[in-house]
Amino acid sequence: MRLFPLPLSLMHTHHSPRAILRHKSILASAAGLAVACSALVSVPEALALPTDLGADVTYSDTVLYGNTGGSALPPDDSSTSSGNYLYLNETKFVSPCVIYGGFSQNVPVINNWVRVDGVNFPQGSVIYGGYSVDGEVGSCPVDIFAINVEKVWGGYSQNSGVTGSRVVISGVVSGRGVIGEVVGAEGRTVSGGRVYIRGGETFGKIYGAKGVVSAIDNQVDIEGGATVGTISGAVSEGLCANNIVKLGSNSNPFGSVVTITGSIIGAETSSSTATNTGNTVRLHSGNILSPTVVGAHGGLSATDNAIYLNTIDPDTRCLGNATFGTETKFFGAYYDSDDGSRDFFSGNTLHKGNDTPILWDGTGEGNYGAQNFEYLKFYYDGAANIGSLDTTVRRPTEGIVKIDTDPENNGTGHAITFGGLIGGTGGLQKVGAGKLILSSRAEYTGALSVVGGTVVLDGVNQSATSVSVAPGATLAGTGTANASGAVTLAGTISPGVNAGAIGKLTFNSAGGDFVIKSTAILSIDLDAAAGADVVENFGDITIETGAQLLLASIGGDIVIGDEFTILSAVGGKIDGNFEQTEFELQGTSLRLVTVTRTRDGGEGEDLLLRVVARLKGSPLPYGPYATPIVPEPSVYALCGGLAALSFAAFRRHRKNRRR
């Protein structure tokens, strides 16, 4: 990338220094100015006294250099290219110009500073904090109070690296706040580029940095009072890493409104072999009308990029209040074309801090049916409000979208209701504490796995290649899980949406095994009138030794002869039983019994809880592991017979003694 703001002939045209340039100390020192402008970046060390281009002066020069005293005289490499300070205070220009805080051909340009206050530049004007053709550029800030200018660069090097340069814009005067493009730093390798917008009117494009080989650790931070087009944390032909775009400032995150009309991108690379990793978009405030919000754009791989929507600002600890347009789409990673090689997208995460609705259309052009988020993390209780979800995650391994309802890792988590369509070729995995309530249909073709917390199927159908529940996790609800493969239940299975409410949880695993593992707990509610919770599978059911049955609640009075179906294998058989098969409840004895029944699905087996006897004395408290002491009816008959024989023998013995 070989960029020249003006032709070389113009850049090196010799002009006579102007006698009217006034070298005066407006403040006691550069440090004193920094105190007066404490909201801006710190003054670089070892700066000369400011060169003040005063308000009563009009310039016709097209190029001004800080390291030649603010004159149009081009510096050579023997000139001081470091520690220059150029101050433009209500200065007037009659034609487009280029301003350099420091300039060199081959030597480093370090610690130069340009401050601009109330200058209405002619169209086409450009400002550089520091500029070098072949030398390095570092720590060259540009501070702007009121300006109308075409482009602003903090630091620029055509053929070398740029570090630590920045642009700060604040307090723009109404009517003079139009800036076409702002770049924190640009060079072959770029790091530490910063753009801070503390106020303004209209901005075209804002880039934290532009790099050729790499762009690392650059940032765009916008507080408010501005309308902005496109924003990118960094742009590079090569590696992009750890770049940030943030809306919502540290000191006053929501004091003024930001309106974003163009795309917001954490980082973007034009190379089909480069990596996009660790880039972040944080949207804590503003009116987001962008067509797309993207964690990373382009490259061979895009990993561990993140978008934060209205989460708590890590600096201010304030909860976000941004709003989003009805056409805004969100992508963890995005690419413009598919040549079959861009298939590594992992660790990209969407963090959502409140229930502000966002559009999430997995069929958007350019993303080939995938948002490419591996993690969705929710920090609140309520509706997800993210539209549809596409589980197609392009990765070398199987695609899985992981939903985390406990991103704070406090062990409690949140309850999130997802009401949008779930589709795609990947799987859905619930991680972390808390509850995920699925209240809409699902058409994804991957696996459903519950690793942590609870998943509730609220009367909806879920299609998956397999269903699994890990130890310590829970699957609940009244819906249907259609699994073409295996169903493996090693955690808690709890039919019904709410505790105490009777419900049926249905599975269709005709194409694979249905196994209740030894670590599993089947949690059942009983109701004398409504029956019991039931797990139904269209196919065989296997219960491993050690699996537990928990009688969680009881409603009404049960009597001898009542039967409650808790497990049903429609068209199949039940192999095995729970660890405990007899229970005492409400002063009665209940026993697990397997029976054969015929239904529309064919002959199958049910596992029943049958009330077989009433116990004498006070009812025992019911629970999951009550000790069963329930004699068989034949034992009662035998005991009665023995008692009768003993009594008859006793009477004969007494009669014989009287004789």
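So the values come out like this:
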| read-out | value |
| --- | --- |
| In the range 196-236, residue nearest to Glu268 (Cα to Cα) [restricted to those that are of a type in the set (A, V, I, L, M) and outside any strand (DSSP E or B)] | Ala234 |
| Residue among Leu585, Leu608, Leu590 that alone is out of contact with any Asp or Glu (no Cβ under 9 Å at 6 or more places or on another chain) and of a type outside the set (Asp, Glu) | Leu585 |
| Filter result for Gly225 (crowded, with 24+ Cβ neighbours inside 10 Å and at positive phi) | no |
| Gly453 crowded, with 20+ Cβ neighbours inside 10 Å, small (Gly, Ala, Ser), in contact with a strand residue (DSSP E or B) (Cβ under 9 Å, 6 or more places away or on another chain) and over 26 Å from Ile516 (Cβ atoms) | no |
| Residue match in the range 348-359 (condition: in a loop (DSSP other than H, G, I, E, B), closer than 16 Å to Ile265 by Cα, open to solvent by 30 Å² or more (accessible area, probe 1.4 Å) and modelled with pLDDT of 70 or more) | no |
| Check on Ile179, touching a Gly at 6+ places or on another chain (Cβ under 8 Å), buried (at least 24 other Cβ atoms within 10 Å of the Cβ), without any contact (Cβ under 8 Å) to a residue 60 or more places away in the chain and not polar (S, T, N, Q) | yes |
| Qualifying strands (runs of 3 or more DSSP E) (wholly inside the range 399-477; at least 3 residues being modelled with pLDDT under 95 and over 21 Å from the mean Cα position of the chain (by Cα)) | 461-464 |
| Residue list for the range 504-519, restricted to those being open to solvent by less than 10 Å² (accessible area, probe 1.4 Å) and assigned to a loop (DSSP other than H, G, I, E, B) | Ser509 |
| Number of positions in the range 520-542 that are β-branched (Val, Ile, Thr), open to solvent by 10 Å² or more (accessible area, probe 1.4 Å) and farther than 19 Å from Phe583 by Cα | 1 |
| Search result, residues across the range 173-195 that are of a type in the set (A, V, I, L, M, F, W, C) and not in a loop (DSSP other than H, G, I, E, B) | Val178, Ile179, Val182, Val183, Ala185, Val190, Val195 |
| Single residue of the range 76-98 satisfying the filter (more than 13 Å from Cys140 (Cα to Cα) and open to solvent by less than 40 Å² (accessible area, probe 1.4 Å)) that is modelled with the highest pLDDT | Val98 |
| Residue list for the range 456-485, filter: open to solvent by 40 Å² or more (accessible area, probe 1.4 Å) and more than 17 Å from Thr391 (Cβ to Cβ) | Asp458, Gly459, Pro471, Gly472, Thr478 |
| Residue that is farthest from Asp525 (Cα to Cα) [pool: residues in the range 558-583 that are open to solvent by 40 Å² or more (accessible area, probe 1.4 Å) and aliphatic (A, V, I, L, M)] | Ile560 |
| Yes/no for Ser263 being at pLDDT below 95 and over 24 Å from Asp304 (Cα atoms) | no |
| The range 127-158: number of residues that are under 16 Å from Gly187 (Cβ atoms), open to solvent by 10 Å² or more (accessible area, probe 1.4 Å), under 38 Å from the mean Cα position of the chain (by Cα) and not acidic (Asp, Glu) | 3 |
| Residues satisfying the stated conditions in the range 99-118, i.e. modelled with pLDDT under 90 and surrounded by 24 or more Cβ atoms within 10 Å (Cβ to Cβ) | Val116 |
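Matching residues to (1) crowded, with 22+ Cβ neighbours inside 10 Å; (2) over 27 Å from Ile312 (Cβ atoms):
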site	(1), (2)
Arg188	no, yes
Ile197	yes, no
Gly204	no, yes
Val220	yes, no
Gly233	yes, no
Asn242	no, no
Gly266	yes, no
Asn276	yes, no
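The values are calculated or read from the model by the stated rules, or taken from the named source; none is laboratory data. Because the structure is predicted, anything quoted here is derived from the model rather than measured. FYI the Cβ positions are ideal-geometry reconstructions off the backbone, even for glycines, and counts take in every protein chain you see. These accessible areas exclude ligands, DNA and RNA; they are computed on the full protein's heavy atoms, side chains included. Shrake-Rupley method; radii C 1.70, N 1.55, O 1.52, S 1.80 Å.
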